[in-house]
Amino acid sequence: MTSSSSNYSDSIQNYRFDVFISFRGVDIRNSFVDHLYAHFIRKGLFVFKDDKRLEKGESISEQLLQAIKDSRISIIVFSENYASSSWCLEEMAAIFDCKQQLKQTVFPVFYDVDPSHLRYQCGVYQNDFDLHRRKKFKHDPDKIRRWETAMTDLANSAGWDVRNRYGYEYGYTRYLTGTGMRMKITYSRKWGRAEREARTEEPHQLAPPQSGNRPKGGPEPRNHNTPFGTVPGRTPPRPQARPNTPSVP
């Protein structure tokens, strides 16, 4: 084993958080991210979700940078307004650095955005990047290039293409934290608790589960292009009556 591999293996025991979630609060704080966070917590994972941050200034805090480094996995939820926040873009770039330098596992979630828009900074993201170039950071082109490099790389990574239009957020997040991600528990002497080693099933833009093995609580595909694929003639099941509740005649 090389020295660098040895150092990385040793660093596995030093993670403080299992998951770091990067997101644009104005888009999804009270919906998708909250469901995602709740499912992770139910699984006993330690999650960093910066709910109370104040996006003041152009640089993220040292505490936040350290939280990213102290996380085994980072999940970036790319939503429509993500790129409008230089804070979020700095957070994304820091996560990208950890992916490159520390071999951190990173999962992009494309929440109602086309991954190609991230890959080329076009579509819903074009205006935001143009604004950053012309006004906010016109004297700092290196920062813009750093964001573009990070976003392009992450857009080319295996991730989850999540669409909100049919109201399946709970099912999606349950699927992501269940079938989409596995954890191997190891022991951490530094933090005195169980640590998890990420084991993943390659997302490939959320391969559709078949009817026979659809995860419990997961969304049933409709006859539409959903993130689970197109399944003709399939509609979501009707809600079942609660146990011990008499049916209405």
Inset, instruction - Tabulate in residue order the Karplus-calculated ³J(HN,Hα) for region 64-76, using 6.51 cos²θ - 1.76 cosθ + 1.60 with θ = phi - 60°, rounded to whole Hz; enter x for Gly and Pro. - result: 5, 4, 5, 4, 5, 5, 8, 9, 6, 10, 10, 10, 9
Legend entry - Order of GLU169, GLU91 under a 10 Å beta carbon neighbour criterion, fewest first: GLU169, GLU91
Legend entry - Estimated inter-spin distance, THR152 and CYS122, nm [label 7 Å along Cα→Cβ]: 1.3
Inset, instruction - Express in nm, to one decimal, how much length is gained between ASP112 and HIS139 on full extension, taking 0.36 nm for each residue of separation and deducting their alpha carbon distance. - result: 6.5 nm
Inset, instruction - Scan around GLY159 for amide H atoms under 5 Å from its own, H built in the peptide plane at 1.01 Å from N, and keep only partners 5 or more places away or cross-chain. - result: HIS204, GLN205
Legend entry - For region 118-134, 3J(HN,Hα) per residue [Karplus equation, 6.51 cos²θ - 1.76 cosθ + 1.60, θ = phi - 60°, Hz, x = Gly/Pro]: 6, 4, 10, 6, 10, x, 5, 9, 5, 4, 5, 5, 4, 5, 4, 5, 7
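Every number in this text was worked out from the coordinates using simple rules, so none of it is lab data. Remember, it's a predicted structure, so these values are computed and weren't measured experimentally. Ideal geometry is used to build each Cβ from the backbone, glycine not excepted, and the neighbour counts take in all protein chains shown.
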